[in-house]
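Here is the structure we will look at.
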Amino acid sequence: MKNIYENKKIQENAILIVVCSKKSDNKERKIDEIARLSTTAGLNVVESFYQNIKDFNRSTVIGKGKVEEIKNYIENSQEKINVAVVDYPLTGSQVKNLENEFGVKVIDRVGIIIDIFAQGAQSKEAKLQVKLAQNLYILPRLSQMQGSSGRFGGVGVGMRGPGESKLELNRRIIEKEIDSLKKQIEKIKTQRQVSRKERLNSSLAKIALVGYTNSGKSSLLNLLTKENIYADDKYFATLDTTSRKLYLGEGNYAFLTDTVGFISDLPHQLVDAFSSTLEESVDADLLLHVVDVSLQKKDGDKKEYQVNIDVTNKLLDEIGATKNRIVVLNKCDKLETPIEIHDNEILISTKNGKGIERLISIIKEKI
Ligand SMILES: Nc1nc2c(ncn2[C@@H]2O[C@H](COP(=O)(O)OP(=O)(O)OP(=O)(O)O)[C@@H](O)[C@H]2O)c(=O)[nH]1
Ligand SMILES: [Mg+2]
């Protein structure tokens with residue numbers, strides 16, 4: 001079995017395929033988001049296609065006509081297309097069927113998100129977690145992937161392991177690796193428990209920053225604790241948890257923890273693999289749910305930032321983080337018109353400092 005090496009230098013051209021199946025699906029938001037994810041994964045997005053689907057085609061998800069249209073596009077495109085990104089979870093055989101039709105590599109949304117995590121993982125723990133998520137993702141698709149990696153070179157997006165590591169496409173090796181990764185993560189988790197216990201035993205309150213990716217969690221931690229951790233205008237800038245002491249005035253402190261961002265349809269393999277990291281939010285006495293309130297476009301009955309609040313709340317409920325929450329509506333400097341603020345919500349900007357003092361006094365009240 002040949003090993004698949006990471007090759008960061010190749011620039012792959014991609015087309016996007018978005019499917020809307022529910023009335024509430026917002027085509028533009030979906031295209032924007034998958035385009036942003038694809039760019040973050042290093043792809044050059046050339047064109048996007050979309051289809052409203054009532055009855056999914058079992059072998060290709062999208063209908064025959066759409067398959068033909070896209071196939072024609074790829075064949076006649078001036079630029080060589082390397083990848084088709086499908087914003088929908090695909091089975092191994094659907095990937096294979098689409099690859100046969102299009103003659104290019106096909107990757108789904110989950111594959112793209114896991115690839116971004118693989119490229120961004122820095123700490124040992126994050127690397128192990130990503131590797132585990134990748135293996136869990138690959139295993140049920142293995143036989144089809146063996147075919148496609150042979151055909152499409154086995155490099156580029158979807159084929160990169162964390163750091164310099166490589167992805168194996170051998171069932172026995174993957175199964176062994178999954179076992180070993182789980183053990184290693186468990187070990188780190190125990191070490192983490194110790195330091196967490198120290199924190200739990202300390203009289204300091206624990207506050208976690210949670211929320212949709214790119215909402216400004218790390219920027220808020222930096223502002224509140226005068227830190228300088230990495231914050232950037234891209235999805236999943238943060239993959240590790242960082243805890244810092246937060247000074248609340250009058251000799252009072254709390255622990256403030258930054259966490260991995262959420263996104264709609266966060267792959268369950270990532271949620272599983274990152275569960276020990278996500279537990280930081282479960283332990284917290286108070287959650288600061290950070291929201292990018294500048295996302296004001298309509299998305300069905302709601303605005304985009306409200307949809308992001310719902311997505312985050314759902315994921316928090318799923319992981320059992322049910323503690324006190326304050327909804328921190330960030331980036332208010334970008335708002336053109338005033339908006340309605342509900343109970344339990346506070347408007348801030350980490351950029352111009354608006355609302356920060358009030359936020360600190362609300363935190364003090366709640367803990
Ligand atoms: N205009 C404006 N931009 C902001 C504000 N807060 C953060 N940003 C920008 O938003 C982008 C994302 O900020 P981060 O702090 O990295 O967001 P995050 O929630 O930690 O994102 P992930 O770690 O990727 O999930 C960065 O480019 C920040 O400079 C704000 O109040 N106003
Ligand atoms: Mg961050």
Q. Does LYS298 count as in contact with a helix residue (DSSP H, G or I) (Cβ under 7 Å, 6 or more places away or on another chain), more than 26 Å from SER276 (Cα to Cα) and basic (Lys, Arg)?
A. no
Q) Among the residues of the range 310-337, how many are away from ligand 1 (no atom under 15 Å from the Cβ) and either open to solvent by 50 Å² or more (accessible area, probe 1.4 Å) or not polar (S, T, N, Q) (or both)? A) 13
Q | Members of the range 232-262 found to be over 13 Å from the mean Cα position of the chain (by Cα), within 11 Å of ligand 1 (Cβ to nearest atom) and open to solvent by 50 Å² or more (accessible area, probe 1.4 Å), listed by number | A | ASP232, ASP233
**Q.** One residue from LEU132, LEU136 being at pLDDT 90 or above, open to solvent by 40 Å² or more (accessible area, probe 1.4 Å) and of a type in the set (A, V, I, L, M)
**A.** LEU136
Q) Of the numbered conditions (1) away from ligand 2 (no atom under 16 Å from the Cβ); (2) closer than 22 Å to ALA231 by Cα, ASP272 satisfies every one except a single condition; which is it? A) (2)
Q | Positions within the range 221-231 being crowded, with 19+ Cβ neighbours inside 10 Å and either within 9 Å of ligand 2 (Cβ to nearest atom) or closer than 18 Å to THR39 by Cα (or both), in sequence order | A | LEU221, ALA231
(Q) Can you pull out every residue in the range 79-104 that is open to solvent by 20 Å² or more (accessible area, probe 1.4 Å) and either under 22 Å from the mean Cα position of the chain (by Cα) or of a type in the set (Phe, Trp, Tyr) (or both)? (A) TYR88, PRO89, THR91, VAL95
Q.
Among the residues that make up the range 59-80, is at least one of them more than 29 Å from ASP233 (Cα to Cα) and part of a strand (DSSP E or B)?
A. yes
Q | Residue count for the range 171-190, restricted to those that are over 19 Å from ASP240 (Cα atoms) and either of a type in the set (A, V, I, L, M, F, W, C) or in contact with an Asp or Glu (Cβ under 9 Å, 6 or more places away or on another chain) (or both) | A | 4
**Q.** Cross-chain or 6+ apart pairs with Cβ under 7 Å, the range 214-229 first and over 20 Å from GLU357 (Cβ atoms), then within 13 Å of ligand 2 (Cβ to nearest atom) and in a helix (DSSP H, G or I)
**A.** ASN228/ASN222; ILE229/SER218; ILE229/LEU221; ILE229/ASN222
Q: Test ASP285 against the criterion of being touching a residue at least 60 places away in the same chain (Cβ under 8 Å), open to solvent by 30 Å² or more (accessible area, probe 1.4 Å), over 30 Å from THR40 (Cβ atoms) and among the acidic types (Asp, Glu), and give yes or no.
A: yes
Q: Please work out which residue is nearest to ALA284 (Cα to Cα), limiting yourself to the range 299-348 and to residues that are away from ligand 2 (no atom under 16 Å from the Cβ), assigned to a helix (DSSP H, G or I) and among the β-branched types (Val, Ile, Thr).
A: ILE319
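Rundown of residues vs (1) under 28 Å from LYS298 (Cβ atoms); (2) open to solvent by less than 50 Å² (accessible area, probe 1.4 Å); (3) without any contact (Cβ under 8 Å) to a residue 24 or more places away in the chain, yes/no style:
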{"position": "LYS27", "(1), (2), (3)": "yes, no, yes"}
{"position": "ASP32", "(1), (2), (3)": "yes, no, yes"}
{"position": "ASN44", "(1), (2), (3)": "no, no, no"}
{"position": "TYR50", "(1), (2), (3)": "yes, no, no"}
{"position": "SER59", "(1), (2), (3)": "no, no, no"}
{"position": "LYS64", "(1), (2), (3)": "no, no, yes"}
Q. Of the conditions (1) open to solvent by 30 Å² or more (accessible area, probe 1.4 Å); (2) part of a helix (DSSP H, G or I), LEU37 fails just one. Which one is it?
A. (1)
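The values are calculated or read from the model by the stated rules, or taken from the named source; none is laboratory data. Quick caveat: nothing in here was measured; it's all calculated off a predicted structure. Ideal geometry is used to build each Cβ from the backbone, glycine not excepted, and the neighbour counts take in all protein chains shown. The protein model used for the area step is the full one, side chains on, heavy atoms only, and it has no ligands, DNA or RNA in it. Shrake-Rupley method; radii C 1.70, N 1.55, O 1.52, S 1.80 Å.
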